[in-house]
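Q: Encoded as structure tokens, here's the structure I'll be asking about.
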Amino acid sequence: MPVLNERAYLEHAINSVLAQELTVPAELVLALGPSTDGTTELAQRLAAGDARIRLVDNPAAHIPVGLNAAIRASRYATIIRVDAHSELAPGYAARALETLERTGAANVGGVMHADGRAPFQRAVARLYNSPVGLGGGAYHGGTHEGEAESAYLGVMRRAVLDEVGLFDETIRRGEDWELNLRIRQAGHLVWFDPSLSVTYWPRESWLRLARQFRATGAWRGELVRRFGRRNGIRFFAPPALVVLVVIAVLVGLLQMTGVLTGLLSVVISAVVYLPLLAYLLLVIAVACLPGGGGARQRLWTLLVLPTMHLSWGLGFLGGVLRGARDTVDASRLGTRNTPLP
């Protein structure tokens with residue numbers, strides 16, 4: 001479990017792991033980043049009270065670096081990746097081990113079920129669980145068990161990780177997708193089991209959400225630079241939306257200044273504005289559909305859905321054009337959008 005500034009969630013996450021009922025020995029290795037909110041002190045206190053919890057340092061704070069440090073420090077043949085911002089459902093670990101054995105897969109993952117506490121977080125969670133929000137990947141609500149492109153979190157055979165290498169530490173986001181690509185290229189199976197469920201708690205504010213999605217989009221753009229067509233077509237929808245918005249603004253300026261007039265103006269308006277109008281109607285429809293929660297949650301949905309798409313799309317275009325470089329997810333760093341130490 002990589003950990004950074006998760007004091008509000010860490011104890012619940014750890015409890016959900018330690019409550020798993022297994023017939024084999026298990027441990028929980030926390031890779032501690034340089035938290036500033038008391039997370040490290042909380043982790044040390046919890047570790048002092050339970051011998052199953054072990055701590056390793058992750059001064060770089062990057063997720064793949066922490067994951068690799070924890071894996072290298074671990075002692076058992078199966079690696080279950082867990083997240084400090086999530087909670088495992090009862091029976092998750094036992095079911096995952098059974099699925100590994102039954103399928104012969106190298107990595108098994110399940111469904112990420114997002115949840116929220118306040119109206120904003122609930123709006124984000126609802127869109128995480130919707131194909132309209134995050135593009136319909138299997139782990140965002142798939143129901144059919146079978147071979148998969150990647151796995152959420154992942155329950156992995158240590159022997160396969162030793163064979164293909166651990167997480168690529170040059171990739172700050174999307175490191176799981178890249179690892180699963182190597183696993184599949186080596187001839188191993190990645191498997192999706194919808195009976196495996198993990199509760200995920202999204203970011204709690206608009207600014208943190210925008211930061212997170214911009215960084216994630218930038219690293220997906222970097223992965224497109226590195227791996228090209230191996231990336232699914234759904235990843236190109238948000239940047240296409242961003243490009244369309246930019247074109248619409250330029251067309252509007254040309255029309256306002258009289259540079260673009262007549263029939264050509266009408267034709268271009270139909271081509272550019274109608275798709276944006278359709279998108280706006282989609283956003284409104286999603287906010288108004290049953291299950292959208294109370295009035296505040298529905299209003300947040302009107303802002304959250306475009307924020308997710310446009311932030312991700314902007315990050316993606318930057319990642320494709322110039323590479324992700326040192327882009328980091330600064331959504332857990334308070335109010336400053338600065339690089340991690």
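The values are calculated or read from the model by the stated rules, or taken from the named source; none is laboratory data. Given the structure is predicted, the values throughout are model-derived calculations rather than measurements. So basically every Cβ, Gly included, is an ideal-geometry build from the backbone, and we count neighbours across all protein chains shown. Ligands, DNA and RNA are excluded from the accessible area calculation, which covers all protein heavy atoms including side chains. Shrake-Rupley method; radii C 1.70, N 1.55, O 1.52, S 1.80 Å.
Q: For Asp57, list long-range residues whose amide hydrogen, built 1.01 Å from N in the peptide plane, is under 5 Å from its own amide hydrogen.
A: Residues meeting the criterion, in which the H sits 1.01 Å from N, are Leu32.
Q: Right, something else. What order, most packed first, do the peptides 258-266, 114-122 have when packing is the mean number of other Cβ atoms within 10 Å of each residue?
A: Highest mean packing first, the order is 114-122, 258-266.
Q: Determine ³J(HN,Hα), in whole Hz, for all residues of the stretch 171-180 in sequence, where each value follows from phi through the Karplus function 6.51 cos²θ - 1.76 cosθ + 1.60 and θ = phi - 60°; x replaces Gly and Pro.
A: Taking θ as phi minus 60°, the curve returns 10, 8, 9, x, 5, 6, 4, 5, 4, 5 Hz for the stretch 171-180.
Q: Hey, got the dipole for the chain? About the Cα centre, +1 on K and R Cβ, -1 on D and E Cβ, debye to the nearest 20?
A: 840 debye
Q: Then there's this: How much length is gained on full extension from Arg325 to Glu169, taking 0.36 nm per residue of separation minus their Cα-Cα distance?
A: 54.9 nm
Q: For the chain, what does the helix formula give at 222 nm: sum of -39500 (n - 2.57) over DSSP H segments with n ≥ 4, over the residue count, nearest 500 deg cm²/dmol?
A: Calculated at 222 nm, the ellipticity per residue is -16500 deg cm²/dmol.
Q: Pop the C-beta distance of Leu299 and Arg117 into the FRET formula with R0 = 30 Å and round what comes out to the nearest 0.05.
A: In this case the efficiency is close to 0.95.
Q: Pull out a ≥ b ≥ c, the square roots of the eigenvalues of the alpha-carbon gyration tensor of the stretch 1-79, then state rounded if a/c is under 1.5, prolate if not and a/b is larger than b/c, and oblate in the remaining case.
A: Note, shape of the stretch 1-79 comes out oblate.
Q: Can you order the peptides 78-89, 317-328 by their average number of other Cβ atoms within 10 Å per residue, highest first?
A: Ranking, from highest mean packing down: 78-89, 317-328.
Q: Distance from the Cα centre of the stretch 203-266 to that of the stretch 165-200, in angstrom?
A: 27 Å
Q: A further question follows. Can you figure out the FRET efficiency of Glu147 with Leu250, using R₀ = 45 Å and their beta-carbon distance, to the nearest 0.05?
A: Computed FRET efficiency for Glu147 and Leu250: 0.55.
Q: Over the chain, give the accessible area per residue in Å² for a 1.4 Å probe, as an integer.
A: Each residue of the chain exposes 46 Å² on average to a 1.4 Å probe.
Q: Of the candidates Ala159, Ala69, Ala93, which one comes out as most mobile in a Gaussian network treatment of the chain with C-alpha springs shorter than 10 Å?
A: Result for the chain, Cα springs under 10 Å: Ala159 fluctuates most.
Q: Okay, moving on. Arranged from highest to lowest average of other beta-carbon atoms within 10 Å per residue, in what order do the peptides 280-292, 202-214 appear?
A: 202-214, 280-292
Q: With θ taken as phi - 60° and the coefficients 6.51, -1.76 and 1.60, list the Karplus ³J(HN,Hα) couplings across the stretch 21-37 in order, rounded to whole Hz; mark glycine and proline as x.
A: 8, 10, 9, 10, x, 8, 9, 10, 9, 9, 9, 8, x, x, 5, 10, 10
Q: How large is ³J(HN,Hα) for each residue in the stretch 306-318, as worked out from phi by the Karplus curve 6.51 cos²θ - 1.76 cosθ + 1.60 (θ = phi - 60°), to whole Hz, x for Gly and Pro?
A: Couplings: x, 4, 4, 5, 6, 5, 4, x, 4, x, 4, 4, x Hz.
Q: State the antiparallel share, in %, of DSSP beta bridges confined to the chain, rounding to the nearest 5.
A: 40 percent
Q: With a/c under 1.5 counting as rounded, go ahead and sort the stretch 176-310 into rounded, prolate or oblate using the C-alpha gyration tensor (a ≥ b ≥ c being the square roots of the eigenvalues; past the cut-off, prolate if a/b is larger than b/c, else oblate).
A: Here the stretch 176-310 falls in the oblate category.
Q: Further, regarding this structure: Rounded, prolate or oblate: which fits the stretch 51-119, taking a ≥ b ≥ c as square roots of the Cα gyration tensor eigenvalues, rounded meaning a/c under 1.5, else prolate when a/b beats b/c?
A: Verdict is oblate for the stretch 51-119.
Q: Would you tally the net charge around Ala26, using a Cβ to Cβ cut-off of less than 12 Å, leaving Ala26 out, and scoring K and R as +1, D and E as -1?
A: 0
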